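Quick notes on the structure that follows.
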Amino acid sequence: MAGRRRNTPDHPARSGPQAAPAESLLPADYDLAELYGAGGRDEDDEDLDDTAVLVPPIALPPEEELAAAAMAVPLVAHAVKLARWSAPHRVVDEFGDLVEEDRAPAARLLGLAAEDGEVTEEAAVEVLRAWSLACDLDLVELGTTQAGEHVAVTMEEAADAEAGDPAIVLDLWLTAAGIVRELAVDTDSLDTEGETPDTEEDEDAAETGLAEVEEASEAAAELLDEAMQVLYELTAFAEPGDETVPLGVLAALLVVPEGEEPDEEMLGEITDIMVALDPMLADLAELGVVEHKPIDPDLFEEEEEEEEPVEAAVPEREATAEDAARFGLVRLTPLGQYGVREWLIADGYDAPLIGDLAKGDAAALLRGLAESPNVMPDREIEVWLARREPVAAARELLAASRGLDAYSPVRRLYTMAAVISLGEPGDTALAEFVDDPELGGIARELLRNHGKDYPAPERADVLWGTVDHFAAVLLTTRGDAAQLRDLVAGLPVTDNPASYFGELWRVPHPYTAQVLDTVGELHLDRQVAKEARKAAFKAKSQKGHG
């Protein structure tokens, strides 16, 4: 699976092999932001490039639930059922397909035809598709007897799958999803096959046509991979129940450059990608990878019936949810999340699960939260706390948050958030740290805020805590100026900034100088900024002489 790339002016979006003609601009009748509620990402968002793709952590149901969902996919269930029905072996034709006389009983076995009813052509096709998948999944093995008879022998995996073995079922489903994923991007090659070239010119034309088909399939595969990874990211950050994405939003995220609004040309590209993705997503939906509502085919007929250009014929009006739905909807299922994650891992990407960090002790949890670039701290802390007794958990976190190393401010930031979330048990643990050299000041401050009768922190503790909190925000925001300005403006600088910073630069904290430098850069009051820069110089000088 290719790493997901956002489109830039130097990297134009490629349309899939089934892209609509340029004049068929389905979404162009509406404003994109109005219709889909989405456009390019904000300029302040972190850029992801081709060499450093961060895959957000996700939460997956237990394997038993995923396996049950996989066995609920009709095509997979039918393949398993046919394989078991064939045990220990069954005669097949020379191509490995079920013989003619077995197809009707197979259709009735799968519930595709009534016991005494006629088997339709559609039912027979479904039987052959399910049998073909059973062969592809090695649920049956094709061979020849000594008498020259072609047979299919049922493998043990068929019984294990029917019994619901999660590992076997998920492995079979993942293989099936991979097969469908490959078939979904295959381009119709009928024009380049089936005819024998009569001349050298015909042979060259056939080779050129085949190369074009292969190129189109590769482009479609890349487009589908990028779309699935974007869906994976969107689903990871979505609130429960909000995982469904308009197809136009998905296409826009592949077309619209960072921080830009879509123009008319981009709207055409978005339409092309929507039309290219639509049938591919329909194929994946059959395996339960996604839930998919296709583009309304009437949209094309409506456009063809228009005698005037679309821009003039369609009156301006506010788009509705129903309008957006007509352009297609897609939702990555939990089973689909499992599948995409496995594909990402196979391609060498780190695709963590929420709760991975919560498996260790407090020190391991805090180290992972501080050092991992793609982590959801709140979710990891929530999982970690849920597995432990509250007071003991708070006590362990507080002890592990001590230190003056590079990541220590971040550890304390996450620890205090976790302890506060525990309520009274957290306060019980905090009371044990009121005299701690590093944690005592913040412990007393939090307890007082919660109505407990404790003396106010010493001035030195308050200043140390100010630097420590600022350093944590500086580290977790990666120095983002927009997120730091409010913190800078909220510093308790009095009318005498020289006095305040004269105290602050003496704070024995490893990040004192960096904090003062940041204040000097971002504070809107020129006098305050000047005093902060002077204090930063003194803090660096003191550190150099230390």
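Read the figures in this text as sums done on the coordinates, not as results from a lab. What you see is a predicted model, and the numbers here were worked out from it, not measured in a lab. All Cβ positions, glycine included, derive from the backbone under ideal geometry; neighbour counts span all protein chains shown.
Computed quantities for the displayed model
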read-out	value
Segment D525-L353, extension gain: residue separation times 0.36 nm, minus the distance between their alpha carbons	57.4 nm
Where labels lie 7 Å past Cα in the beta-carbon direction, separation of E503 and T144 in nm	9.3 nm
At R0 = 25 Å, FRET efficiency that the Cβ-Cβ distance of A72 and D136 yields, to 0.05	0.80
Centroid-to-centroid separation of segment 355-407 and segment 461-527 [C-alpha atoms, Å]	26 Å
Protection proxy ranking of 165-175, 487-497 - average other beta-carbon atoms within 10 Å, highest first	165-175, 487-497
Label-point gap, in nm, between A489 and K543 - each point 7 angstrom along Cα→Cβ	2.8 nm
Length added when fully stretched, R478-E122, from 0.36 nm per residue minus Cα-Cα	122.3 nm
Those residues of segment 124-150 whose amide nitrogen sits under 15 Å from the label point placed on W85, 7 Å along Cα→Cβ	124-135, 140
Computed E for E382/E258 - FRET, C-beta separation, R0 30 angstrom, nearest 0.05	0.45
Efficiency of FRET from Cβ geometry, R402 and A159, R₀ 60 Å, rounded to 0.05	0.60
Segment D296-N449, extension gain: residue separation times 0.36 nm, minus the distance between their alpha carbons	49.4 nm
Reach of K534 by Cα under 24 Å, taken over lysines that are not fewer than 8 positions away in the same chain	K543
